[in-house]
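Engineer: Mind looking over this structure? Questions follow.
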Amino acid sequence: MTRRWLRIPSAWVTPLGVIGAVIAAFWIVVAFTAQFWVPFDPLAQVLPRLQAPGIDTIMGTDALGRDIFSRLMTGAGVTIPLALMLVVMSMVVGTLIGAIAGYFGKWVDEVLMRLTDLVMAFPTVILAMVVAAALGPSLFNAVIAAFVVSWPQYARMTRSIVLGLRTQNYVMAGRLLGFSPFKTLRVDVAPNVVGPILVLASLDVGTAILLLSGLSFLGLGAQPPTAEWGSMISAAMANFDSWWIGVFPGLAILTVVMAFNFVGDSLRDIFDPTSQMSKARAR
Amino acid sequence: MGKNTRATRVHPARAPLGGSPLAGYVLRRLGMSVLLLFGVTLVTFSLANLVPGNPIVAALGEGAASNPATVAAYIEKHGLDQPLPVQYLNYLLNLFQGDMGVSLRTAQPVASDLAKAVPATIEVAIGAIIVSLAVGVALGSLAAYRRGKISDQLVRVLSLIGLSIPTFWMALVSFNFFFLQLRIAPGSGRLSPILSPPPTVTGLYTIDALLAGQWVTFMDAMAHLMLPVFVLSLFTIGLLTRFVRTSVLEVLDADYIRAGRAKGLSGPRMLFGYTLRGASLPILTIVGLAFGSLLSGTVLVEAVFAWPGLGSYAYNSATSLDLPGVMGVGLIVGVIYLGINFAVDLLYGVLDPRVRLA
């Protein structure tokens, strides 16, 4: 009784899920605290240039004499909160649109679903790149571009669930009792949507991080001198010989994305043991 | 037998367009693809023209666009003062004539730049899809057969890692490691500098070299393909493995699999003739999607290997803020992706009679 927090359903405690959760938690803590404890100012160009990893600078310095370890750790605070925000935004908007399309049907459904078709007619990174380039290069615009490509999957999934529910007897009963559309969605539909949507969202965090850092790699996201992982890797392309410039930021991206994927995949086992579709449109 | 033929003869009368059900299905799919094609052009048109100032900046560059006289002349010449629907129509007409604007970076027509880049990307994408399919089907079937065992868990973790690797980083690291450190991979580009490209037939160096009987060129082109294909495949291998596993698991419970086992069919015969055949339709769907992520991947990977395809073009256009170049890549990749999905739909219709009537 005293250890309430231990009473997690045993199905949730899988090695994969726990490893993922621990690594993700580590990076989230780093994201919000790194600015207080990193050894150097991530923007200060005060160290010898292109210094290999050593005692003072455990990950070396970049071409401008900045400490890579400090940039890496504060970089978590750039990418991770933005990715989480992006996922929440896409989830809320996409779910609402999907629910509206599924519930009202007819032309509303037709218009909204053709809109998702239009987005899904492009590979994700390509459309995000085109949108970001049109809006102009900035981290804010990169988030907008990533949002444009990521809401439709939530809309599609919610819609298909709602469509399946609409003809269920208990939903019909609610409508006969005079439930408003909003109340039907809230009382009868929402509980069925939450699980699958949360699974999708947890897997989408990794995709969002890859997308945002990819856009930054293309120069369409974070702008110099911001310490951001994708643009740090992009900077490494100018200094092939100094392997440490690019290797560490990539490992950071890899571990964060992997952690969220582990968590999401374990969640899926709990909510939906059969489907492996949702990852199909990743990247 | 006689009964059967009569039954098939009765059926086509229900087909919507007179011909076979397959023809009706193909026409419906074609219609949808054409509509989406217009959708794709609408998206690129809107992005290039609706964001204030974009069309002019895009065509003239930041410098010239700050000169009011130049801007006014440009608006006059290209009808930018006309209503948007008219502008869109002009945009479409230009596209149909192969005019996608002029790149700010190369000062060449975007269309001719892209025409040169497409074969390089197709070559690496085909290579990657072959590798991904081979590895993905093998690992996915293995995991399904060993469901719940250690090897299944291992495959699951590996495929999740594959989906988590930032491809542009992997490209950089593998180029650095295999070329600069170990010196076992050839350098960047499609061919070693001492060789000249084979006579163009398909634009794919490997195939063209084979057609011309140039063994040395073929081996060199293959060697240059290896690293980009490897890096690009990692993500799609993860994708396909997971999907193949699910599809095979579903099939494994089917009655006809049990029947095959009861007949005492051999392992490989069961796997290829029964199991994978049964799972082939869902796998086909995911191949279409995998192509999409491959095309996405090329944008992030090609530049690292200086592979002269659409990806490098997109990278160079994006980093130098060459809007016509970026839009051109968006459009052409959108069209290629549409074409692939159309082909997948067609194959689906051929392989599965049920979807034709849906």
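Engineer: Scan the range B:306-353 residue by residue and report those that are more than 17 Å from B:ILE126 (Cα to Cα), more than 9 Å from chain A (Cβ to nearest Cβ) and assigned to a loop (DSSP other than H, G, I, E, B).
Structural biologist: Answer for the range B:306-353, where residues must be more than 17 Å from B:ILE126 (Cα to Cα), more than 9 Å from chain A (Cβ to nearest Cβ) and assigned to a loop (DSSP other than H, G, I, E, B): B:ALA306, B:ASP352.
Engineer: Answer yes or no as to whether A:SER213 is open to solvent by less than 60 Å² (accessible area, probe 1.4 Å) and within 11 Å of chain B (Cβ to nearest Cβ).
Structural biologist: Answer is yes for this residue.
Engineer: Can you tell me which residue is farthest from A:VAL29 (Cα to Cα) among those in the range A:231-252 that are touching a residue at least 60 places away in the same chain (Cβ under 8 Å) and assigned to a helix (DSSP H, G or I)?
Structural biologist: Filtering the range A:231-252 for residues that are touching a residue at least 60 places away in the same chain (Cβ under 8 Å) and assigned to a helix (DSSP H, G or I), the one farthest from A:VAL29 (Cα to Cα) comes out as A:ALA235.
Engineer: So A:ALA76 passes all but one of these: (1) at pLDDT 90 or above; (2) over 30 Å from A:VAL46 (Cβ atoms); (3) aliphatic (A, V, I, L, M). Which condition number does it fail?
Structural biologist: Here A:ALA76 clears every test but (2).
Engineer: Related question: Considering every residue within the range B:282-295, establish whether at least one is farther than 28 Å from A:PRO123 by Cβ, open to solvent by 10 Å² or more (accessible area, probe 1.4 Å), not aromatic (Phe, Trp, Tyr) and not in a loop (DSSP other than H, G, I, E, B).
Structural biologist: no
Engineer: So, one more: Based on this model, can you work out whether A:GLY264 counts as within 10 Å of another protein chain (Cβ to nearest Cβ) and on the phi > 0 side of the Ramachandran plot?
Structural biologist: When the stated conditions are applied, A:GLY264 does not pass them.
Engineer: Taking the range A:138-174 as the region of interest, how many residues are open to solvent by 60 Å² or more (accessible area, probe 1.4 Å) and closer than 18 Å to A:ILE209 by Cα?
Structural biologist: So the count comes out to 1.
Engineer: Is there a residue being within 14 Å of another protein chain (Cβ to nearest Cβ) and buried (at least 18 other Cβ atoms within 10 Å of the Cβ) anywhere in the range B:266-278?
Structural biologist: no
Engineer: Please work out which residue is surrounded by the fewest Cβ atoms within 10 Å (Cβ to Cβ), limiting yourself to the range A:175-189 and to residues that are over 28 Å from the mean Cα position of the chain (by Cα) and either within 16 Å of A:GLY98 (Cα to Cα) or among the basic types (Lys, Arg) (or both).
Structural biologist: Top of the filtered list is A:PHE182.
Engineer: Going residue by residue through the range B:231-244, is there one that turns out to be away from chain A (no Cβ under 14 Å), open to solvent by 20 Å² or more (accessible area, probe 1.4 Å) and not basic (Lys, Arg)?
Structural biologist: No, the conditions are met nowhere in the range B:231-244.
Engineer: While we're looking at this one, here's another question. So in the range A:224-242, with the set limited to residues that are more than 17 Å from the chain's Cα centre (by Cα) and over 15 Å from A:GLY65 (Cα atoms), which one is least open to solvent (accessible area, probe 1.4 Å)?
Structural biologist: Filtering the range A:224-242 for residues that are more than 17 Å from the chain's Cα centre (by Cα) and over 15 Å from A:GLY65 (Cα atoms), the one least open to solvent (accessible area, probe 1.4 Å) comes out as A:ILE233.
Engineer: Within the range A:158-201, can you find the residues that are of a type in the set (Phe, Trp, Tyr) and not in a helix (DSSP H, G or I)?
Structural biologist: A:PHE179
The values are calculated or read from the model by the stated rules, or taken from the named source; none is laboratory data. As the structure is a computational prediction, the values presented were derived from the model and not from experiment. Virtual Cβ from ideal backbone geometry, glycine too; neighbours counted across all protein chains shown. We work out accessible area using only protein heavy atoms, side chains counted, and drop any ligands, DNA or RNA first. Shrake-Rupley method; radii C 1.70, N 1.55, O 1.52, S 1.80 Å.
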